[in-house]
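Notes follow the structure.
The values are calculated or read from the model by the stated rules, or taken from the named source; none is laboratory data. As the structure is a prediction and not an experimental result, all values here were calculated from the model. In this analysis, Cβ positions are derived from the backbone assuming ideal geometry, glycine residues included, and neighbour counts consider all displayed protein chains. Note: accessible area is taken over every heavy atom of the protein model, side chains too, but ligands, DNA and RNA are not part of it. Shrake-Rupley method; radii C 1.70, N 1.55, O 1.52, S 1.80 Å.
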Amino acid sequence: MEPERFFHVAIKTDDLEESVAFYRELFGGTVVDESAPDEAVQYVALEVADKRVYVFEKAPYEADGVVDDLPTGFLHFGFVVPSVDAAVETLTDAGADLLMEPATFGELRIAFVYDPSGTRVELLEEL
């Protein structure tokens with residue numbers, strides 16, 4: 001499996017507004033996407049330099065109940081792949097543990113796996 005590109009890092013915060021202001025004001029970040037107020041997963045995506053920083057109040061796998069609540073700070077990083085389903089199959093066949101089954105969210109298909117040290121890795125397919 002070869003990713004097409006590195007896409008983002010994700011962090012969890014106790015104060016979404018404060019964290020977004022930090023990346024906007026001190027790193028020149030530009031808001032490029034955000035959840036609707038009524039969505040279960042609240043996030044803001046900022047373009048910082050040439051990558052995205054996703055700031056979450058709760059990660060998708062926390063909201064789905066796949067893992068217990070996580071502390072604030074680093075959540076995961078993500079790679080764009082041609083096919084999430086094929087990437088999950090390749091990685092799990094090679095021994096990677098699956099964190100979250102492939103699912104479609106809007107115009108993205110995503111899944112999460114663990115690397116050997118337990119770091120969460122997101123796989124994203126742009127539909």
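Mind telling me which of the residues 67, 48, 53, 88 ends up being among the aliphatic types (A, V, I, L, M), more than 18 Å from residue 113 (Cβ to Cβ) and without any contact (Cβ under 8 Å) to a residue 40 or more places away in the chain? Answer to the check: 48. Here residue 75 passes the criteria (1) under 13 Å from the mean Cα position of the chain (by Cα); (2) free of Cβ contacts under 8 Å to residues at least 60 places away in the same chain; (3) surrounded by 16 or more Cβ atoms within 10 Å (Cβ to Cβ) except the one numbered (2). Only one of the numbered conditions (1) part of a loop (DSSP other than H, G, I, E, B); (2) crowded, with 17+ Cβ neighbours inside 10 Å is violated by residue 14, and that is (2).
Out of 49, 36, one residue alone is over 23 Å from residue 101 (Cα atoms), open to solvent by 40 Å² or more (accessible area, probe 1.4 Å) and aliphatic (A, V, I, L, M). It is 49. The set of residues in segment 1-17 that are over 16 Å from residue 58 (Cβ atoms) and not basic (Lys, Arg) comprises 1, 2, 3, 4, 6, 7, 8, 9.
Within the bounds of segment 32-45, is there any residue that is more than 21 Å from residue 15 (Cα to Cα) and under 15 Å from the mean Cα position of the chain (by Cα)? Steps first, please.
First pass over segment 32-45, keeping only residues more than 21 Å from residue 15 (Cα to Cα): none.
Among the residues of segment 32-45, not one is more than 21 Å from residue 15 (Cα to Cα) and under 15 Å from the mean Cα position of the chain (by Cα), which makes the answer no.
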